[in-house]
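The values are calculated or read from the model by the stated rules, or taken from the named source; none is laboratory data. If you're wondering where the values come from, they're calculated on a predicted model, not measured in any experiment. Using ideal geometry, Cβ is built from the backbone for each residue, glycine included, and neighbour counts are taken over all protein chains shown. Areas reflect the complete protein model, heavy atoms only, side chains present, ligands, DNA and RNA absent. Shrake-Rupley method; radii C 1.70, N 1.55, O 1.52, S 1.80 Å.
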Amino acid sequence: MSGPLLDLAVVIPTFNEVGNVPVIIAKLDAALAGRNWEAIFVDDNSPDGTAGVARQIARLDRRVRVIQRIGRRGLSTACIEGICATAAPIVAVIDGDLQHDETILPKMLDALLQDEHLDLVIGSRFVDGGGTGDWDRDRVAKSAFATKLSRQVLKADLSDPMSGFFMIRTQLVRDLAPHLAGIGFKILLDIMTGSPKPLKFLELPYTFRVRTEGESKLDHVVAMEYLIAIYDRMFGSIVPVRFAMFSAIGAIGAGVHFAVLTPLFKELNIGFLVATIIATVVAMTFNFFLNNALTYRDSRLKGARQLFDGWVSFCVVCSVGAIANVGVAAFLYDARSDTWAVSALAGIMVGAVWNYALSSRFTWGRY
């Protein structure tokens, strides 16, 4: 069955945006009147039923499609999957929170259709005519800092590298997909830095709207993901980002280890071996929860059952590392008792690599 050629796909990553789904379809219908388009909702298994509402609309409107991801999270990877799922030659990425201005989508599309050398068009809050809406001074300052930081890895003088609103040639992303990090929530930065050649872009102004439905996804962990993405582009080829994060958390865990060990051994006069075992268990528990929130955020364990099973698994698979930790520390302390701190640190280092290898496979890799 033939029909008009598909001009544009609009990829909309969602999580708990059930109230926004029918609104954004109506807004796209008005903005893209006369164009042949489709909307692809990529939903990370929202507990509020976002995917279900999108499917109800899709039964009546064949321009609407739904990808419901089970066991996978992350805005960047959702965008990549959505882009690779369309046959349209051009694709736009727009948030499901209605804060992006869909009325400039036709201008974006026309710019790409009229200039075959143009790779992408970006909605910018920071060029003349753009704005940040109701942002307070603190958020503006944080965005300015993030923009300045991103220019350390960008190959272009882009005014709004943090933008999540852009339109791009689909084949370009398909070609880049195997080389994209897919970390965090800033897919534009990933695309711009992942391309082996500078991309030709155009920025169009828009004003960031006030959120009316749902909850903001901009929390401290998301900000951390942005820093992680910057690290990955700068140093990821030298030290893989996940191992770097695991090691950094291990270093923090070492501080927790000493914070527990010192009072137990020095002030409460508990034997060094027993004190080291207690400190190791506490540090291991701390490392598990922080790694779950950061290092393995894309496959993090959720709910009391998964967290408990994951914690048990983490402790079990790391038991060899823990035994090596305690054994090395105790051996060195017995050999020279005045170096108890060095003994403890040596034990921690011995177990670190083993812990990473096993936990990656058996704690987070099994879900």
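Some notes on this structure:
- Coordinate range along principal axes, alpha carbons of the range 1-125, Å, largest first: 42, 36, 23
- Burial order of peptide ranges 303-312, 30-39 (average beta-carbon count within 10 Å, highest first): 30-39, 303-312
- Largest first, the residues S319, S46 sort by 1.4 Å accessible area into S319, S46.
- Pairs from K27/K186; K197/K302; K107/K302 whose Cα-Cα separation, in the structure shown, is over 30 Å: K197/K302; K107/K302
- Peptides 49-58, 261-270, 72-81, ordered by how many other C-beta atoms sit within 10 Å of their residues on average, highest first, read 72-81, 49-58, 261-270.
- Computed accessible area, K197, all protein chains, 1.4 angstrom probe, square angstrom: 110
- Only protein heavy atoms count here; under a 1.4 Å probe, Y356 has an accessible surface of about 50 Å².
- Rounded to the nearest Hz, the phi-derived 3J(HN,Hα) couplings of the range 169-176 under the Karplus curve 6.51 cos²θ - 1.76 cosθ + 1.60 (θ = phi - 60°) are 6, 4, 4, 4, 6, 4, 5, 7, where x marks glycine and proline.
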